[in-house]
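A quick write-up on the structure given underneath.
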Amino acid sequence: MRSTSIMIVGVGGQGTLLTSRILGNVGISTGADVKVSEVHGMSQRGGSVVTYVKMGEKVNSPIIEKGEADILLCFEELEALRWIDYAKKDASIIINTQRIDPMPVITGKAKYPENIIEKIKAEYQNVAAVPALELAKAAGSIKAVNVVMIGVLAKRTEIPEDTWIDVIRKTVKPQFVDINIEAFRKGYAL
Amino acid sequence: MKKLMLGNEAIARGVYEAGATVATAYPGTPSTEITEYIARYDEIYSEWSPNEKVALEVAIGASVGGARSTCAMKHVGLNVAADPLFTAAYTGVNGGLVIFVADDPGMHSSQNEQDTRIIARAAKVPVLEPSDSQECRDFTREAFRISEEFDTPVIVRLTTRVAHSQGLVELGERENVPLKPYAKDPGKYVMMPAMARKRHVVVEERLARLAEFSDTTTLNRIEWGDRKIGVITSGIAYQYAKEAFGNASFLKLGMVYPLPEKLIREFAANVETIYVIEELEPFIENNCLRMGIEVKGKALLPLIGEYSASLIRERVLGQKQEKLNSINEEIPVRPPVMCAGCPHRGIFYLLKKLKLNVTGDIGCYTLGALSPLESLDTCVCMGASIGMAHGMEKAMGKDTARKTVAVIGDSTFIHSGITGLIDIVYNKGTSTVIILDNSTTGMTGHQDNPATGFTIKGEPTRQVDLVKLCQAVGVDRVRVCDPFDLAETERIIKEEIAADEPSVVISQRPCALLKNVKFNGVLKINTEKCTKCRMCMRLGCPAIVDRGTHVEVDPALCTGCDLCTKVCRFNAFERLGGENA
């Protein structure tokens, strides 16, 4: 298969780890070599969190570097801006239109940048702004934001919808399967 | 069949397949998951030990008793366990003994960036270094074999990117390894001078044999490519180098101590320019230079932080990645914060308000050093808060002690705070120690510890009674408070710092992320009552947001802990209900 580098960026606690697990398992089901890299610990406590998923015939480095990401999956607007240099020029950039203020903004020491989506759209062709929080709510849980985002991403790959749904069914806890599949479909339908 | 596994999970799998029966650890990022995954295997006895020293001693005991045994820790944990390690190198093993140590280049979750290879060399213990999840599993099995063949503890060194990356792993079956017979052997296991002198000779002979082994083992291999460039590398740096140098020749080292000198010479003789690519210390590089082999390494690449393929391309090959956009926005940093609902917030709010000197320790509460709480003055190592508060009192006098407190978590206090407290009592100090008892080991992801009353398997066990423990070592003034009862906690802290004797304040409230912690629904700000005085902003709660024109509560983050209602003088916070209700 064509090698694909996916970067997932967000704020600690947004469920990026589950996202990377689902993406990794989808990669395996297509027969690819897969590496997923994440950082645990202090950076998770509400800090900026980045996870890398790489798949292809043979993957060496588990991390993605500037200008290398085929897909930038952003769970929060400011984090999209922070990591935008990592996207390829023709990357698929998917941004959840959610704003979570970091402590320097909360305390008034820094300003949250304005019009982030417009600024990114001005530089990149393939940008999707997604109201994932509302879609997750509609699917039954605000915690399903991550699976809505996976749905949006899935539509932009050649991997069939059934493969994704099958992996989600096997990866999430049984009691959350229905909500998550519903959330996936809402993202996929965009 | 191949399975996607975290490096740490693959280590656990290797331990299982190697037939080990005893595994110990103290949690520490990035090593923690090794033992969490081991605990899922019923065939292996596993435990969270109070600290790394005890953990290693238990593993050594199990090895002497004939079992394949393991111990896992982060790099700084090896400092705590160094005492047993250095002498276990002399005694050697009975059942195989493998120690997993995870370094943290870039300090994602650590207080320093030390390199375990140097400690291992000082302890005269061989080191293997895997570069992906498959090697984590394979090298673990081989490490047990080496340990038994050479009668030595073996260290498997990981770094964050290996420990916390997932890769595909081919699994094997568990070996059935019976307990080796136990026989008294004081010449081997009682390290007093007469015996130790003889054992040191054995250690040096063993290292020579290990060096020969390093030249022949398949753990070290040459990948011939274009011979203009030869790259000597190991661990995660190998993966970065493969991407950066492509078709060059590689000497990929899986055994990094002792190094394979013959193999290095053979490689060096057949390539034009040699680069050594290794994160942190120039361990391989200095060894090559000592052998008289000209290599380039730290002259081009940093001693500090993590490497990457692009860093190597830029520094070594002069290829810089161009920026692909013209976005030049000022981007506010997003430092980690204490969670909404965190019980530590109440204590740090008060310590700042009272303008105290605060010696700190290792855990989530180290975040109390950051804005806006900004009340932690020091953080050095596990348990240091207590000794340092005592030291400040002895240097600066009792007036300082009346303005100083040590703060330490429950798990950290058990780890190495108790001895510091005994020191205060014994040497007539008057310091005040606040134990932040949140009923778990928070920062590493909620491991049980002796103060929680549960084992690693979640089985109920005898719980250390912190009040009785402090009383038993001679502290007469032990007080318990709820950090969300700000008025009462403030009164207690004031009384205890004023007291002319040692005191301990145990601040009890469970971590807000624990499953059994429930509040009664989220809050909102009544804008008619709010005077925008921004007292609540001093709490540094991520759920309370200053919008410039007004202050509001983010309902997605608010836990409903109510702490804000206690600092608001205008009763502007009202309960909304909602998902957490």
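The values are calculated or read from the model by the stated rules, or taken from the named source; none is laboratory data. What you are looking at is a predicted structure, and each value in this text was computed from that prediction instead of being measured. Counting neighbours? That spans all protein chains shown, and the Cβs are built from the backbone with ideal geometry, glycine included. In case anyone asks, the SASA skips ligands and DNA or RNA and just uses the protein heavy atoms, side chains included. Shrake-Rupley method; radii C 1.70, N 1.55, O 1.52, S 1.80 Å.
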- Going through the stretch A:83-99 in order, the residues found to be within 11 Å of another protein chain (Cβ to nearest Cβ) and touching an Asp or Glu at 6+ places or on another chain (Cβ under 9 Å) are A:I84, A:Y86, A:A87, A:K88, A:K89, A:D90, A:A91, A:Q98, A:R99
- Note on the structure: Going through (1) closer than 20 Å to B:L259 by Cβ; (2) surrounded by 22 or more Cβ atoms within 10 Å (Cβ to Cβ) one by one, B:K124 fails only at (2)
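Quick one: which residue in A:A138, A:A132, A:A122 is among the small types (G, A, S) and crowded, with 16+ Cβ neighbours inside 10 Å? Let's see the steps before the verdict.
Details: A:A138 fails: crowded, with 16+ Cβ neighbours inside 10 Å; A:A122 fails: crowded, with 16+ Cβ neighbours inside 10 Å.
A:A132 is the lone residue from the list that is among the small types (G, A, S) and crowded, with 16+ Cβ neighbours inside 10 Å.
Here is a yes/no grid of residues against (1) β-branched (V, I, T); (2) in contact with a Gly (Cβ under 9 Å, 6 or more places away or on another chain):
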| residue | (1), (2) |
| --- | --- |
| B:T441 | yes, yes |
| B:H446 | no, no |
| B:I456 | yes, no |
| B:T461 | yes, yes |
| B:V464 | yes, yes |
| B:C470 | no, no |
| B:G474 | no, no |
| B:R477 | no, no |
- Residue check for A:K35: open to solvent by 10 Å² or more (accessible area, probe 1.4 Å), in contact with a strand residue (DSSP E or B) (Cβ under 6 Å, 6 or more places away or on another chain) and more than 10 Å from every other protein chain (Cβ to nearest Cβ): no
- Select from the stretch B:341-356 the residues that are open to solvent by less than 40 Å² (accessible area, probe 1.4 Å) and charged (D, E, K, R) and list them in ascending order. B:R345
- Name the pairs: first residue in the stretch B:231-253 and at the interface with chain A (Cβ under 8 Å from one of its Cβ atoms) and within 19 Å of B:N270 (Cα to Cα), second residue part of a helix (DSSP H, G or I) and open to solvent by less than 10 Å² (accessible area, probe 1.4 Å), Cβ to Cβ under 9 Å, at least 6 apart or on different chains? B:K242/B:A309
- Query: So which residues in the stretch A:158-190 are touching a strand residue (DSSP E or B) at 6+ places or on another chain (Cβ under 8 Å) and open to solvent by 40 Å² or more (accessible area, probe 1.4 Å), if there are any at all?
  - Reply: A:L190
- Going through the stretch B:279-298 one residue at a time, which ones are under 27 Å from the mean Cα position of the chain (by Cα) and surrounded by fewer than 16 Cβ atoms within 10 Å (Cβ to Cβ)? B:K298
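For the stretch B:91-104, state whether one or more residues are among the aromatic types (F, W, Y), over 14 Å from the mean Cα position of the chain (by Cα) and away from every other protein chain (no Cβ under 14 Å).
no
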- Message: Pairs please, first residue from the stretch B:306-330 and aromatic (F, W, Y), second anywhere and surrounded by 15 or more Cβ atoms within 10 Å (Cβ to Cβ), Cβ atoms under 6 Å, 6+ apart in sequence or on different chains.
- Response: B:Y307/B:A237; B:Y307/B:Y240; B:Y307/B:E279
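Among the residues that make up the stretch B:246-261, is at least one of them crowded, with 18+ Cβ neighbours inside 10 Å, part of a strand (DSSP E or B) and aromatic (F, W, Y)? Walk me through it before giving the result.
Kept after step one, since they are crowded, with 18+ Cβ neighbours inside 10 Å, are these residues of the stretch B:246-261: B:248-260.
Keeping just the survivors that are part of a strand (DSSP E or B) gives B:248-253, B:255-257.
Retained after the next criterion (residues that are aromatic (F, W, Y)): B:250, B:257.
For the stretch B:246-261, residues crowded, with 18+ Cβ neighbours inside 10 Å, part of a strand (DSSP E or B) and aromatic (F, W, Y): present.
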- When residues of the stretch B:509-534 are limited to those that are buried (at least 18 other Cβ atoms within 10 Å of the Cβ) and assigned to a strand (DSSP E or B), the one modelled with the lowest pLDDT: B:V522
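Quick check: is even one residue across the stretch B:321-340 more than 30 Å from A:I116 (Cα to Cα) and either surrounded by fewer than 16 Cβ atoms within 10 Å (Cβ to Cβ) or within 14 Å of chain A (Cβ to nearest Cβ) (or both)?
Initial filter on the stretch B:321-340 (more than 30 Å from A:I116 (Cα to Cα)): none.
Checked against the condition, which is being more than 30 Å from A:I116 (Cα to Cα) and either surrounded by fewer than 16 Cβ atoms within 10 Å (Cβ to Cβ) or within 14 Å of chain A (Cβ to nearest Cβ) (or both), the stretch B:321-340 yields no hits at all.
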- Among (1) surrounded by 15 or more Cβ atoms within 10 Å (Cβ to Cβ); (2) at pLDDT below 95, the one test that B:I493 misses: (2)
- Could you list all residues from the stretch A:109-137 that are at the interface with chain B (Cβ under 9 Å from one of its Cβ atoms) and within 19 Å of A:V11 (Cβ to Cβ)? A:K109, A:A110, A:K111, A:Y112, A:P113, A:I116, A:I120, A:L133
- Message: Pairs needed: first member in the stretch A:96-111, touching a residue at least 40 places away in the same chain (Cβ under 8 Å); second member anywhere, part of a helix (DSSP H, G or I) and open to solvent by 30 Å² or more (accessible area, probe 1.4 Å); C-beta distance under 8 Å; at least 6 residues apart or different chains.
- Response: A:N96/A:E77; A:N96/A:L133; A:Q98/A:E77; A:Q98/A:L133
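For A:E77, indicate whether it is at the interface with chain B (Cβ under 10 Å from one of its Cβ atoms) and of a type in the set (D, E).
Numbers: at the interface with chain B (Cβ under 10 Å from one of its Cβ atoms): no; of a type in the set (D, E): yes.
No, not satisfied.
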- Item | Failed item, numbered, when B:P555 is tested on (1) in a loop (DSSP other than H, G, I, E, B); (2) under 25 Å from B:D410 (Cα atoms); (3) touching a strand residue (DSSP E or B) at 6+ places or on another chain (Cβ under 8 Å) | (2)
- Query: Looking at (1) of a type outside the set (F, W, Y); (2) in a helix (DSSP H, G or I); (3) more than 10 Å from chain B (Cβ to nearest Cβ), which is the one condition that is false for A:E158?
  - Reply: (2)
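Of everything in the stretch B:299-318 that's surrounded by 12 or more Cβ atoms within 10 Å (Cβ to Cβ) and assigned to a loop (DSSP other than H, G, I, E, B), which residue is nearest to the other protein chains (Cβ to nearest Cβ)? Break it down into steps so the answer makes sense when it comes.
So in the stretch B:299-318, the residues surrounded by 12 or more Cβ atoms within 10 Å (Cβ to Cβ) come out as B:300-303, B:305-317.
Filter again for assigned to a loop (DSSP other than H, G, I, E, B), leaving B:300-303, B:305-308.
Values: B:L300: 18, B:L301: 15, B:P302: 16, B:L303: 20, B:G305: 13, B:E306: 9, B:Y307: 10, B:S308: 6 Å.
Residue satisfying both the conditions and the ranking: B:S308.
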- Do the conditions hold for B:S371, that is, is it facing another protein chain (nearest Cβ under 9 Å), surrounded by fewer than 20 Cβ atoms within 10 Å (Cβ to Cβ) and among the small types (G, A, S)? yes
